[in-house]
Amino acid sequence: MKRDCEEVFFMRLSISVCALSALAFLPSPGHAADAASQPADNVFQPASASGWIVTLTGNAGAASKWSGSKDAAFSGYPSVSFRRPGATRKFSSPDDAVSYALYDSARFDAGPMVRYRAGRYDGSDAALRGIHNARWSLEGGAYATYWILPETLRARAEIRRGFRNDDGFVGTVGFDWINRFGPVTVAVGPRLSAADGNYNRTLYGVTQADALANPRVTPYRPAGGMRSAGLFASATYQFTPNWAATAYAGYDRLVGEAAKSPIVRNIGSKNQYSVGGSLSWSFNWAGL
């Protein structure tokens, strides 16, 4: 329990620090995405052209406890984002990583990003007893977004790697079909991910020592390849120019080397779910 609490604390602390560091001190007019949901199209335009538009968001949700788990973990946390008055606020999906656009045009933007990855610990579940820990990590890298159809069809790709020596590379590609119905913005689209051998061995591999300590698994050394395929949907309601609420749900199916893991097959599940929501408030802050 103590380890789980520490993990959630460091996750939220790291996300907040990364978001504030990346956004508060970079003057370029790019846009940024919270780790959780933002209003899809915040129309708030303050009277002042100076300072920043600050969006404070309260988030709550549930997702698989660790990659391949059959159990869910619940969390609630705040997040923050900044943009300059007059800067275009593009659609941002709740499953986008924390990112900052170093290059930003009408149809394409790209830049650095960071994403939190939950850990797996043998002390959190009796069924995992004896299996090596896959520690939590912050995965840094780069992202790129391209609007295939302006304001309607978005493609986004991320490539990232964790900061630990045993972390490998993982990449994701997603598409969002976006429709707006007055104050409501609805988005839905597929998600795909792939990972290298180091990533898969850390999260899904089973060592000889693991197999000797836990009779539910056998030795397994996965290679790289496709990791998951799924679908993600979100809906945002703009109550007022300043207030918005978002709900989301996602499903991923582990495939390839990840799906063959004895940890997934004998202890966890190939089916991975996420669900949650957020409430956002935007205001002008001229003090920066």
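Every number in this text was worked out from the coordinates using simple rules, so none of it is lab data. These numbers come from a predicted model, not from an experiment. Here the Cβ positions follow ideal geometry from the backbone for every residue, glycine too, while neighbour counts run over all protein chains shown.
Here are a few things to note about the model shown:
- Placed amide H near Arg135: partners under 5 Å, 5+ positions off or other chain: Arg120
- Residues Ser105, Ser269, Ser64 in ascending order of nearby Cβ atoms (within 10 Å, fewest first): Ser105, Ser269, Ser64.
- For Arg227, distant residues with modelled amide H under 5 Å away: Ser193, Ala194, Ala195
- Most to least packed among 271-279, 72-80, 258-266 [average Cβ atoms within 10 Å]: 258-266, 271-279, 72-80
- Neighbours of Ser228 by Cβ distance under 12 Å: Lys/Arg scored +1, Asp/Glu scored -1, total +2.
- Counting Lys and Arg as +1 and Asp and Glu as -1 over every other residue whose Cβ lies under 13 Å from the Cβ of Ala211, the net charge comes to +2.
- Local electrostatic count, Gly140, Cβ distance below 14 Å [Lys/Arg +1, Asp/Glu -1]: +2
- Fully extended contour minus Cα-Cα distance, from Tyr251 to Tyr103, at 0.36 nm per residue: 50.2 nm
- Cα centroid separation, region 129-183 to region 193-266 (Å): 13 Å
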